[in-house]
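The values are calculated or read from the model by the stated rules, or taken from the named source; none is laboratory data. From a predicted model like this one, the values you see are computed outputs, not experimental measurements. Positions of Cβ are generated from backbone atoms using ideal geometry, with glycine treated the same way; all protein chains shown enter the neighbour counts. Keep in mind that these areas ignore ligands, DNA and RNA; they rest on the heavy atoms of the full protein, side chains included. Shrake-Rupley method; radii C 1.70, N 1.55, O 1.52, S 1.80 Å.
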Amino acid sequence: MPALLLAFTAALGYGLSDFVGGLASRRTHVLHVVLVSYPVSVVLVALVAPLAGGNATAAAMAWGAASGVAGGLAVLWFYAALATGPMSVVSPVTAVLTSALPMLGGLALGERPGPWALVGAVLAVGAVVLVSKEERSTVDEGAPARFTAKVMLLTVGSGVMFALYFMLLHRIEAGAGLWPVFASRVVASVTVLVAAIAFGQLRFARGVPATLALAAGALDVIANITMLYALQMGMLSLVSVIASLYPAATVLMARLVLGERSGRVQQVGLVLAAVSVALIAGAS
């Protein structure tokens, strides 16, 4: 149960971070936002890590650094796919890969959740897809974006990298403390910095977007720390799908704060998410 509570907290942290970061990205380029939020997360983890103690081995640091590469590429490829492809396709495909691949990986490693927990995990995968599904708008219908081969590669690549991020964090042994997370955030920051230079976007968010980016970075730190501990305490196959429900938090915040109306598909996804969490928690 503690692992699932931590995974749920991670889902909230990821979802709120995406919501705040999304608000910032409406006012400036997403790379300008992550160029602020990622380094901030590095500083925050560096401040917290000594308090957490632990003894990080070379292997733990290597797994952390590898997860940073996966996380950085996942974000870059995901936003590149959204920028050129249909969001109604990109988001659900990325979501199903992010939630399903770690679950299958856990099962392949020998994890055996109870039957009801497994049913809940499968329902959670479906919930993630439905919550991530964007309703078609009149703009979409007038000039629909094409799901080209390039967009498909970016979409699949981002989903695989998001899933790989969870699986690499799972490889970090208990007792390593938070230093592997520090390594992960450093490498992820370098990854987005290189991308910003390559795309001529080496500019930092300022004003309100910068403030939002700072908040996104802090929430991201909470999410990554709780996710690490959840993966160390629980099954990858269950923890990953709970954490993958983070789009539900983003949708709820958009409804509560911005007054956005969620479509019927998303509403069904939110209900399904609640049912899946209840099933997994009840079986644990």
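Using the structure shown, decide if V156 is within 20 Å of W77 (Cα to Cα), in a helix (DSSP H, G or I) and either more than 21 Å from the chain's Cα centre (by Cα) or at pLDDT 85 or above (or both). So V156 passes the test. Taking the criterion of being open to solvent by less than 50 Å² (accessible area, probe 1.4 Å) and of a type in the set (S, T, N, Q), the residues of region 206-231 that qualify are N224, T226.
Contact map, region 176-204: residues that are within 28 Å of T226 (Cβ to Cβ) and in contact (Cβ under 8 Å) with a residue 12 or more places away in the chain paired with residues that are outside any loop (DSSP other than H, G, I, E, B) and of a type in the set (S, T, Y), Cβ distance under 7 Å, separation 6+ or inter-chain. Pairs shown: S184/S67; R185/Y38; R185/S41; A188/Y38; S189/Y38; V192/Y38.
Here is a yes/no grid of residues against (1) open to solvent by less than 50 Å² (accessible area, probe 1.4 Å); (2) among the β-branched types (V, I, T); (3) more than 30 Å from L118 (Cβ to Cβ); (4) in contact with a Gly (Cβ under 9 Å, 6 or more places away or on another chain):
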| site | (1), (2), (3), (4) |
| --- | --- |
| Y14 | yes, no, no, no |
| S25 | yes, no, yes, no |
| L35 | yes, no, yes, no |
| V45 | yes, yes, yes, no |
| L51 | no, no, yes, no |
| W63 | no, no, no, no |
| A74 | yes, no, no, yes |
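Filter region 144-185 down to residues that are open to solvent by less than 40 Å² (accessible area, probe 1.4 Å) and small (G, A, S), then give me how many there are. Number satisfying all stated conditions: 8. The sole residue among V265, V208 that is more than 20 Å from the chain's Cα centre (by Cα), assigned to a helix (DSSP H, G or I) and closer than 27 Å to H29 by Cβ is V208. Failed condition for A188, given (1) within 20 Å of T57 (Cβ to Cβ); (2) open to solvent by less than 10 Å² (accessible area, probe 1.4 Å); (3) not β-branched (V, I, T), with all others met? Going through (1) within 20 Å of T57 (Cβ to Cβ); (2) open to solvent by less than 10 Å² (accessible area, probe 1.4 Å); (3) not β-branched (V, I, T) one by one, A188 breaks only (1).
Annotation note: Cβ proximity below 7 Å between a residue of region 253-276 that is farther than 22 Å from A243 by Cα and a residue that is crowded, with 16+ Cβ neighbours inside 10 Å (sequence gap 6+ or interchain) occurs for E260/A254. Counting only residues that are open to solvent by less than 30 Å² (accessible area, probe 1.4 Å) and over 24 Å from A274 (Cβ atoms), which one in region 76-127 is modelled with the highest pLDDT? Among those that are open to solvent by less than 30 Å² (accessible area, probe 1.4 Å) and over 24 Å from A274 (Cβ atoms), it is G105.
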